[in-house]
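Worksheet: the structure to be examined is printed underneath.
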Amino acid sequence: MVQCSLPLALGMVLMLMPMLLVCEFRPLGGVQALSTDMAALLAFKSAVLPQGNPDDPLPNWVGTDSSPCSWTGVTCNSDNEVVRLQLSDIELSGTMPAQLFTILALEHLDLSLNALSGSIPLDIGNLTRLNYLNLTANQMLSGPIPLSLFGLFNLQSLDLSYNSISGVLSSDIELLVNLQELVLGSNSFSGVIPPEIGTLSMLQYLDLSSNTFSGTLPVQLGNLVNLQHLDLSSNALSGDIPALETMSNLEFVDVSSNFFSGVISPQVATLASLTYLDFSNNSLSGPIPSQIWGMTSLQELDLGANALTGSLPRELGNLINLQSFYLGDSHLTGMLKPVCGSIYASSPYTSKVTAAPTHQGQLKTEQSSEDSFAVGISCL
């Protein structure tokens with residue numbers, strides 16, 4: 001039998017103790033993340049879904065599971081951290097609990113098409129890895145955008161449309177340097193469009209429609225050279241419509257239903273990729289620039305409800321891809337050369353009628369008592 005002296009045995013224990021301590025007490029990141037994220041998700045479900053709902057849209061969200069990574073709408077990374085929540089259109093209601101914003105690895109959060117209410121919590125600023133945030137069409141989300149949201153520097157897509165969010169759009173929008181999509185339409189924003197929005201050089205999609213933004217358009221908007229979609233319709237914007245020629249990637253432009261005045265710049269015709277152009281329902285005057293009739297990529301053109309003057313040229317027929325054209329409530333004269341099969345003419349005092357071209361291939365517009373008329377073409 002081998003015997004060890006007491007000093008030797010104590011020495012061996014002392015040498016092994018640090019290893020034992022490490023093995024026993026070192027926290028495991030994945031397990032810790034699972035525990036924290038699962039608790040946060042269960043708290044979120046409890047807050048936004050009624051208890052005992054027989055039509056529970058998240059039936060597999062149960063605390064007895066070892067991991068939430070297989071739960072409906074949940075995606076985890078290789079470290080077992082929850083990185084994606086896709087919970088659109090499942091009848092969530094109530095306010096967003098603070099626990100949701102402790103899921104610190106979250107990169108994608110979609111809670112759209114629900115009935116969430118209250119304001120966007122300040123704690124949303126904790127989600128510094130977030131690159132996608134979609135809260136559209138909750139309708140009862142209200143209050144201003146919390147300033148903490150502008151600290152989410154990794155955001156690439158932000159959609160808060162179709163809610164009741166109010167206040168001004170902060171100049172801190174310039175901090176979202178990676179933003180590619182900004183959709184704030186159909187809310188209650190007011191004030192001016194901040195010039196700092198022009199620093200978002202990666203922006204491709206901008207929708208600020210159906211708010212009460214006022215004042216003139218900032219010249220810095222022209223710095224958005226990667227922009228493809230611009231919708232500023234249904235606001236209270238005024239002044240001239242800028243030429244937009246620096247935004248050469250634009251495919252869609254809608255600035256209708258504002259208070260823009262002045263003439264249409266011929267430089268708009270340099271937008272070679274433009275398929276949709278709507279300047280209707282403003283106070284634009286003067287003739288339609290002849291360069292417009294060379295925009296062969298146009299599919300939809302609406303210049304109606306302005307104070308445009310002059311005559312319609314035969315060159316209208318050059319718009320070979322045109323599917324929809326409208327010039328309601330203007331002061332134009334002349335005859336319209338049809339560019340496709342169905343042509344209609346109407347005035348504010350008559351219902352829309354359909355007419356066939358004359359044997360000369362032209363159609364006279366109907367004149368109203370105020371010397372204005374509507375001309376429309378539909379090729380759909």
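The values are calculated or read from the model by the stated rules, or taken from the named source; none is laboratory data. Because the structure is predicted, anything quoted here is derived from the model rather than measured. Heads up, the Cβs are rebuilt from the backbone with ideal geometry, glycines too, and the neighbour counts pull from every protein chain shown. Please note that ligands, DNA and RNA were not included when accessible areas were found on the heavy atoms of the full protein model with its side chains. Shrake-Rupley method; radii C 1.70, N 1.55, O 1.52, S 1.80 Å.
The residues listed here are 354, 358, 350; of these, the one that is assigned to a strand (DSSP E or B) and modelled with pLDDT under 50 is 354.
Note on region 276-317: residues that are in a loop (DSSP other than H, G, I, E, B) and open to solvent by 50 Å² or more (accessible area, probe 1.4 Å) amount to 3. Can residue 189 be described as within 15 Å of the chain's Cα centre (by Cα), without any contact (Cβ under 8 Å) to a residue 60 or more places away in the chain and open to solvent by less than 10 Å² (accessible area, probe 1.4 Å)? Yes, satisfied.
Might you let me know whether region 209-220 holds any residue that is free of Cβ contacts under 8 Å to residues at least 60 places away in the same chain and in a helix (DSSP H, G or I)?
Within region 209-220, the first condition is being free of Cβ contacts under 8 Å to residues at least 60 places away in the same chain, and the residues that meet it are 209-220.
The next check asks that each one be in a helix (DSSP H, G or I); those that pass are 219-220.
Yes, because at least one residue in region 209-220 is free of Cβ contacts under 8 Å to residues at least 60 places away in the same chain and in a helix (DSSP H, G or I).
Return yes when residue 48 is of a type outside the set (Lys, Arg), under 30 Å from residue 188 (Cα atoms) and open to solvent by less than 60 Å² (accessible area, probe 1.4 Å) and no when it is not. When the stated conditions are applied, residue 48 passes them. Taking every residue in region 234-255 that is closer than 21 Å to residue 213 by Cα and among the acidic types (Asp, Glu) and pairing it with any residue that is open to solvent by less than 20 Å² (accessible area, probe 1.4 Å) and assigned to a loop (DSSP other than H, G, I, E, B), at least 6 positions away or on another chain, the pairs with Cβ-Cβ distances below 6 Å are 254/233. Filtered by the rule that a residue be in a loop (DSSP other than H, G, I, E, B), open to solvent by less than 30 Å² (accessible area, probe 1.4 Å) and over 15 Å from residue 207 (Cα atoms), region 238-264 gives 241, 243, 244, 247, 264.
Residue by residue, here is whether (1) among the aromatic types (Phe, Trp, Tyr); (2) within 16 Å of residue 175 (Cβ to Cβ); (3) part of a loop (DSSP other than H, G, I, E, B); (4) in contact (Cβ under 8 Å) with a residue 12 or more places away in the chain holds:
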| residue | (1), (2), (3), (4) |
| --- | --- |
| 106 | no, no, yes, yes |
| 113 | no, no, yes, yes |
| 118 | no, no, no, yes |
| 124 | no, yes, no, yes |
| 128 | no, yes, yes, yes |
| 142 | no, no, no, yes |
| 150 | yes, yes, no, yes |
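Here is the figure for region 224-237: residues that are surrounded by fewer than 15 Cβ atoms within 10 Å (Cβ to Cβ) and either more than 20 Å from the chain's Cα centre (by Cα) or outside any loop (DSSP other than H, G, I, E, B) (or both) total 1.
Return the residues of region 152-168 that are β-branched (Val, Ile, Thr) and either in contact with a Pro (Cβ under 6 Å, 6 or more places away or on another chain) or in contact (Cβ under 8 Å) with a residue 40 or more places away in the chain (or both); say none if nothing qualifies. Of everything in region 152-168, just one residue is β-branched (Val, Ile, Thr) and either in contact with a Pro (Cβ under 6 Å, 6 or more places away or on another chain) or in contact (Cβ under 8 Å) with a residue 40 or more places away in the chain (or both), namely 165.
Among the residues of region 89-97, is any open to solvent by less than 30 Å² (accessible area, probe 1.4 Å) and closer than 26 Å to residue 199 by Cβ? It would help to see each step written out before you state the result.
Applying the first criterion (open to solvent by less than 30 Å² (accessible area, probe 1.4 Å)) to region 89-97 yields 92, 94, 96-97.
Subsequent filtering for residues that are closer than 26 Å to residue 199 by Cβ retains none.
Within region 89-97 (the criterion being open to solvent by less than 30 Å² (accessible area, probe 1.4 Å) and closer than 26 Å to residue 199 by Cβ), the answer is no, since none of the residues qualifies.
Within region 118-128, the set of residues being polar (S, T, N, Q) and either at pLDDT below 95 or surrounded by 17 or more Cβ atoms within 10 Å (Cβ to Cβ) (or both) comprises 126 only. Under 23 Å from residue 252 (Cα atoms), assigned to a loop (DSSP other than H, G, I, E, B) and open to solvent by 40 Å² or more (accessible area, probe 1.4 Å) - does that describe any residue in region 164-175? Checking region 164-175: not a single residue is under 23 Å from residue 252 (Cα atoms), assigned to a loop (DSSP other than H, G, I, E, B) and open to solvent by 40 Å² or more (accessible area, probe 1.4 Å).
Candidates 203, 158, 133, 113: the one that is open to solvent by 20 Å² or more (accessible area, probe 1.4 Å), closer than 24 Å to residue 88 by Cβ and of a type outside the set (Gly, Ala, Ser) is 113.
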